[in-house]
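Accompanying notes for the structure given below.
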Amino acid sequence: TRHRQYQVRDLLTQLELEKDHLEERVKDRTRELNRSVRFLEQFTYSMAHDLRAPLRAIRSYTGLLSEDYAQLLDEQGRRMIGKVESAAGRLDSLINDLLSLARLSNLEVPLLPISVDSVVDGVVYALDEEIRRTDAVVEKQRCNLKAFGNPVILKQVLENFLANAIKYSEPRGRPEVRIWAEMHEGRVRVCVSDRGIGIAPEFLQKIFQPFQRLHGHEIPGSGIGLAIAAQGAERMGGSIGVSSQLGEGSTFWIDLNSSVNLPAHVEAASVA
């Protein structure tokens, strides 16, 4: 019996040593992963920033060609310059999105109770020109709810949702979009619903990844907007999701903690 006790003691000691070793290995791998992530974030930011200089030169020279030498070019030449300008515009949009993604990964995000109605009003106002251009119908439903998050990031997320709702509804005619908020499983869920072209089921889990373009170049975009939205939701302690049926429209949402359910000292500190 004593021999068995010694064996059990030795096994427990060995298990404890292996556990400590495993924990140390996990910590080392985590540190390596964090260093790699920081390097990739810095690399993305640096590359996106450095691409600005040659892009400005391309846009400047194509602008000069269009203005000063248009009379020397035939229709095909002017069309080619137009394609270069269009491609430069898409690249500029892509660089802006990359910079936004890099900034969002590096910034400290202050969180506080915010009025959902106020943020939604700001989003609709910011996209007023696009709403007028497409003659879109945007229905806002008042909710009087407060979410715990960052108003700037929430506005960016909802702007992305609303802009996509308009963009992917336009091929089917006049865009019709509805924005509302509700309590869902103890959290504040803000939804943007459209009656557009919808998303096939096999793509629903991919659209929040960077550079996922489901419609090629038929509809303009960089394929980063929803990745930025997902990153922003995560930085606020929330999450985003989508439900959609091909040909029948989509509903995107973001879930955030409700300021009502926060401990009093947390809310007071956040407001301060």
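The values are calculated or read from the model by the stated rules, or taken from the named source; none is laboratory data. The shown structure was predicted, so the numbers you read here are calculated from the model rather than taken from an experiment. When we count neighbours, we look across all protein chains shown, and the Cβ atoms used for this are built from the backbone with ideal geometry, even at glycine. Just the protein is used for accessible areas: all its heavy atoms, side chains included, with ligands, DNA and RNA removed. Shrake-Rupley method; radii C 1.70, N 1.55, O 1.52, S 1.80 Å.
Miscellaneous remarks
- Counting only residues at least eight positions apart within a chain, or on another chain, the lysines with an alpha carbon under 19 Å from that of residue 19 are 27.
- For residue 167, the lysines whose Cα comes closer than 23 Å to its Cα, not counting residues fewer than 8 places off in the same chain, are 83, 140, 155, 206.
- Solvent exposure of residue 12, expressed as accessible area, is near 110 Å², computed with a probe of 1.4 Å over the protein chains only.
- Estimated at 0.36 nm per residue, the fully extended path between residue 203 and residue 243 surpasses their Cα-Cα distance by 13.3 nm.
- Efficiency of FRET from Cβ geometry, residue 234 and residue 12, R₀ 45 Å, rounded to 0.05: 0.65
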